[in-house]
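One structure is given below, encoded as structure tokens.
The values are calculated or read from the model by the stated rules, or taken from the named source; none is laboratory data. As the structure is a computational prediction, the values presented were derived from the model and not from experiment. Glycine gets a Cβ as well: all are built from the backbone with ideal geometry, and neighbour counts include every protein chain shown. Areas reflect the complete protein model, heavy atoms only, side chains present, ligands, DNA and RNA absent. Shrake-Rupley method; radii C 1.70, N 1.55, O 1.52, S 1.80 Å.
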Amino acid sequence: MTAHEHPTEPLQEQLAQERAARRLAEQQLADLVARVDNAQRLATMGDYDWHVATDTNTWSDELYRIYGYEPGSIEPSYAVFLEHVHPDDRERVTEVHRHAYATGQPYEMIERIVRPDGEVRHLSSNGQVVCDASGTPLRFRGTCIDVTERVLAEQEREEAARRLGEVQQRRRQASEINDNVVQGLTAALYAGQLGDHVRAADYVQQTLAAACRMMTELMDVPGAGDPTLVRSRAADLGGGSGLDR
């Protein structure tokens with residue numbers, strides 16, 4: 001071995017170590033990306049990074065899937081994002097973003113998106129504004145979680161509670177009709193059959209008063225003077241026998 005060959009051995013060893021360290025770092029980064037993607041897929045959560053000046057959006061793979069696309073199959077931008085926001089939510093969403101841009105404050109919201117196949121999904125989104133040293137907004141970045149199943153389950157519970165409330169209300173109304181109308185008319189009928197016409201008339205008057213009170217409550221009328229509830233003529237009770245003579 002000559003004197004000129006000695007310096008190259010440490011250099012080659014150093015280069016080999018650097019290559020090994022670089023390969024290890026690349027492998028670790030790839031493993032980290034894979035773990036993050038797997039975690040986002042399990043949580044149906046994606047992240048985005050929108051550069052305001054260039055109007056370019058970076059989406060994670062799961063965010064593509066949430067929007068109904070294969071990862072990398074479209075070029076995301078704010079315009080593309082807005083196209084997918086449900087028309088009824090679009091104005092509210094843009095207003096949230098305008099407020100965040102003007103104030104630099106973070107934001108949270110639930111919005112609906114429409115996938116290419118027409119399916120509507122509910123997203124819980126949050127974001128923060130990244131500003132430069134002068135306070136000028138540079139980027140919006142945040143996460144979106146698909147909460148469709150949770151929202152639909154809550155809506156179903158609310159609908160079930162509403163239906164249960166209606167059933168309970170109908171039962172209560174049926175009980176009130178029985179107590180206030182059916183029983184009153186039955187008492188009036190018995191009194192009439194016994195020849196006690198004064199008591200029969202009294203029962204009828206009480207029953208009519210109870211029926212009017214129930215009608216007001218059922219129709220949620222604040223006063224009895226609502227002209228829409230006044231008939232143009234009296235109802236025909238029994239073909240006019242005895243009542244129109």
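Kindly indicate whether Gln173 is open to solvent by less than 100 Å² (accessible area, probe 1.4 Å) and in contact (Cβ under 8 Å) with a residue 40 or more places away in the chain. First the steps, then the outcome.
Working: open to solvent by less than 100 Å² (accessible area, probe 1.4 Å): yes; in contact (Cβ under 8 Å) with a residue 40 or more places away in the chain: yes.
Yes.
Can you tell me how many residues within region 65-79 are at pLDDT 95 or above and open to solvent by less than 30 Å² (accessible area, probe 1.4 Å)?
Going through region 65-79 one residue at a time, the tally reaches 2.
Restricting attention to region 97-108, which residues are open to solvent by less than 40 Å² (accessible area, probe 1.4 Å) and either within 11 Å of Cys131 (Cα to Cα) or in a helix (DSSP H, G or I) (or both)? Walk me through how you get there before you give the answer.
Restricting attention to region 97-108, the residues satisfying the condition of being open to solvent by less than 40 Å² (accessible area, probe 1.4 Å) are 97, 100, 104, 107.
Matches in region 97-108: His97, Ala100, Gly104.
Which pairs do you get when a residue that is closer than 11 Å to Thr44 by Cβ, found in region 143-155, comes within reach of a residue that is in a strand (DSSP E or B) and small (Gly, Ala, Ser), reach meaning Cβ atoms under 6 angstrom, with the pair 6+ apart or on two chains?
Pairs found: Cys144/Gly46; Cys144/Ser125; Ile145/Ser124; Val147/Ser124.
Taking Val230 as the residue in question, decide whether it is over 30 Å from Pro106 (Cβ atoms), of a type outside the set (D, E, K, R) and at pLDDT 80 or above. Give the derivation first.
Working: over 30 Å from Pro106 (Cβ atoms): yes; of a type outside the set (D, E, K, R): yes; at pLDDT 80 or above: no.
No: the conditions fail for Val230.
Taking Thr94, is it assigned to a helix (DSSP H, G or I) and surrounded by fewer than 15 Cβ atoms within 10 Å (Cβ to Cβ)?
On the way: assigned to a helix (DSSP H, G or I): yes; surrounded by fewer than 15 Cβ atoms within 10 Å (Cβ to Cβ): yes.
Criteria met by Thr94.
Answer yes or no as to whether Gln128 is at pLDDT below 90 and open to solvent by 40 Å² or more (accessible area, probe 1.4 Å). Show your work before the answer.
Details: at pLDDT below 90: no; open to solvent by 40 Å² or more (accessible area, probe 1.4 Å): yes.
No, not satisfied.
What's the number of the only condition in (1) under 41 Å from the mean Cα position of the chain (by Cα); (2) modelled with pLDDT of 75 or more; (3) assigned to a loop (DSSP other than H, G, I, E, B); (4) of a type outside the set (D, E, K, R) that Gly195 fails to meet?
(1)
Which one is least open to solvent (accessible area, probe 1.4 Å) among residues in region 133-161 that are modelled with pLDDT under 90, part of a loop (DSSP other than H, G, I, E, B) and at negative phi?
Selected residue: Thr136.
Which residue pairs have Cβ atoms closer than 7 Å, lie 6 or more positions apart in sequence or on different chains, and pair a first residue in region 56-67 that is closer than 18 Å to Val114 by Cβ with a second residue that is assigned to a helix (DSSP H, G or I)?
Asn57/Tyr78; Asn57/Phe81; Tyr67/His84
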